[in-house]
Amino acid sequence: MYGLCDCNNFFVSCERLFRPDLVGRPVVVLSNNDGCIIARSNEAKALGIAMGQPLYQVKALIERHGVALFSANHTLYGDLSHRVMTTLRSLVPSLEIYSVDEAFFDLSGFDEPLDALGRRIGATVRRNTGIPVSIGIAPTKTLAKVASKLAKHYPRLEGCCYMHREEDIRKVLSTFPLRDVWGIGRRYGRRFDEMHLRTAAQFVDLPEAWVRGRMGVTGLRTWYELQGRPAVGFDDLGSSRQQISHSRSFPHEIYDRAELERIVAGFAAACAERLRRQRSLCRTIHCFLTTNRHREDQPQRYETTLCSFAEPTDSTLELVKTARRLLREIYRPGFGYKKAGVLLGEIVPEGSVQRTLFGSVPTEKHARLMQAMDEMNRLYGRGKVKTAAEGTEPFRMNREYLSQRYTTSWDELLVVKAK
């Protein structure tokens, strides 16, 4: 049996943890630069506030209903996520972190009733961290995802849905939206809409040959999993990311190429640091620029380009240099750019690459330098040592509604005052 722990409205729950007065009130969390809605409480969802909706479109609704606004506080969310995962590790034999607010775990060998175990895990996480979670337990990972959604929406389940009997699984899938199944995605979702396939059970009833021919191995795995046949093991997701990206929207349109170069250099450096942290190398780097699509009064443009390395690399120097070159290639004067990003692809493990004798990059020298830079930044704070191309001014975002870093900054600890 597989289990899935899913934090309920995670970003909102993190904010409410230190603001109990917000329980029962509509709350939303905004994206970088306070642009779009990225998290909503159930009360905010009931008002019709949609995920990804630009703030300016719902500003009047938010003011009318007294919705609490928060800028994304990723420092706080990351620390609380670590606490949730640490608690989970103490309760289960093996854990696979899927995202900042989700983790799979293996329940093989447990004798106690698994529904009681799931409720105990959920209660322990809530007690240790203050974050409410939903537990789904099922024969496969995909069904565990389905079960966790049921646990989230049906209070009578007391935070845990144990879904194992074939007749119960079939009953659930007969009404479960196909678009909400893990692994279906938007592209296949649109195709199934055109075929008038709406439920997960209708997908399961498709012939195996059709699924294999139209969706390949990935689709076939989802098909197997929904039937209760495990096809996605712990190792299939991989412990390392297959892509690493860093992108931001800007507080205002940027026309100056030099300013964009500094920003993109910082993005590339951040990606390189994450790459080394998971002991990987990348073969490609992708850079993009886009204008403000909400400004219909301005000319629109989306620029993108890709570069492959002769040898996979994790060097900040090499990645920053290449990112700046790519930006110069795609930059067009006269356009106000609102967003930029860097994406590293074709990621491979650090020790799996055969080096060439005549490479143009001094690999060993760069490796020693990166090791020293990472160590100094770990000791004295992120960004203390960086490339000159990144500039000395930090990237600034609009964060008008930012809460305190209650758990990671001595200066922002919660203060309780007696009346």
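Residue-wise test of (1) at pLDDT below 95; (2) assigned to a helix (DSSP H, G or I); (3) surrounded by fewer than 13 Cβ atoms within 10 Å (Cβ to Cβ).
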residue	(1), (2), (3)
209	yes, yes, yes
221	yes, yes, no
231	yes, no, no
241	yes, no, no
252	yes, no, yes
260	yes, yes, no
270	yes, yes, no
- Note on the structure: Filter the stretch 274-315 for residues that are more than 19 Å from residue 264 (Cα to Cα) and of a type in the set (Gly, Ala, Ser); the one that is farthest from the chain's Cα centre (by Cα) is 310
- Top-ranked residue in the stretch 363-419 [being within 23 Å of the chain's Cα centre (by Cα) and among the hydroxyl-bearing types (Ser, Thr, Tyr); ranked as surrounded by the fewest Cβ atoms within 10 Å (Cβ to Cβ)]: 408
- Could you list all residues from the stretch 125-160 that are part of a helix (DSSP H, G or I) and more than 12 Å from residue 5 (Cα to Cα)? 127, 128, 129, 142, 143, 150, 153, 155, 156, 157
- Kindly list the number of the only condition in (1) buried (at least 19 other Cβ atoms within 10 Å of the Cβ); (2) of a type in the set (Ser, Thr, Tyr); (3) not in a helix (DSSP H, G or I) that fails for residue 245. (1)
- Item | Whichever residue in the stretch 366-412 is among the aliphatic types (A, V, I, L, M) and in a loop (DSSP other than H, G, I, E, B) and, among such residues, is modelled with the highest pLDDT | 402
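Evaluate the stretch 84-93: report whether one residue or more is polar (S, T, N, Q), surrounded by fewer than 18 Cβ atoms within 10 Å (Cβ to Cβ) and assigned to a loop (DSSP other than H, G, I, E, B). Give the derivation first.
So in the stretch 84-93, the residues polar (S, T, N, Q) come out as 86-87, 90.
From what's left, surrounded by fewer than 18 Cβ atoms within 10 Å (Cβ to Cβ): 86, 90.
If we keep only those that are assigned to a loop (DSSP other than H, G, I, E, B) too, we end up with 90.
Checked against the condition, which is being polar (S, T, N, Q), surrounded by fewer than 18 Cβ atoms within 10 Å (Cβ to Cβ) and assigned to a loop (DSSP other than H, G, I, E, B), the stretch 84-93 yields at least one hit.
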- Query: When you scan the stretch 133-164, how many residues do you find that are surrounded by 17 or more Cβ atoms within 10 Å (Cβ to Cβ) and in contact with a helix residue (DSSP H, G or I) (Cβ under 6 Å, 6 or more places away or on another chain)?
  - Reply: 15
- In the stretch 96-124, the residues that are in contact (Cβ under 8 Å) with a residue 24 or more places away in the chain and in a strand (DSSP E or B): 96, 98, 102, 103, 104, 105, 106
- Hey, among the residues in the stretch 316-355 that are assigned to a helix (DSSP H, G or I) and aliphatic (A, V, I, L, M), which one's farthest from residue 265 (Cα to Cα)? 330
- Query: Scanning for something surrounded by fewer than 20 Cβ atoms within 10 Å (Cβ to Cβ) and under 27 Å from residue 219 (Cβ atoms), does the stretch 111-121 turn up at least one residue?
  - Reply: no
- Item | Complete set of residues in the stretch 57-83 that are of a type outside the set (Lys, Arg) and over 26 Å from the mean Cα position of the chain (by Cα) | 60, 61, 63, 65, 66
- Task: Give the residue that is surrounded by the fewest Cβ atoms within 10 Å (Cβ to Cβ), with candidates limited to residues of the stretch 31-58 that are part of a helix (DSSP H, G or I) and among the small types (Gly, Ala, Ser).
- Result: 46
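The values are calculated or read from the model by the stated rules, or taken from the named source; none is laboratory data. Everything numeric here is computed off the predicted structure, so don't read it as measured data. As a convention, Cβ positions derive from the backbone with ideal geometry for all residues, glycine included, and neighbour counts pool all protein chains shown.
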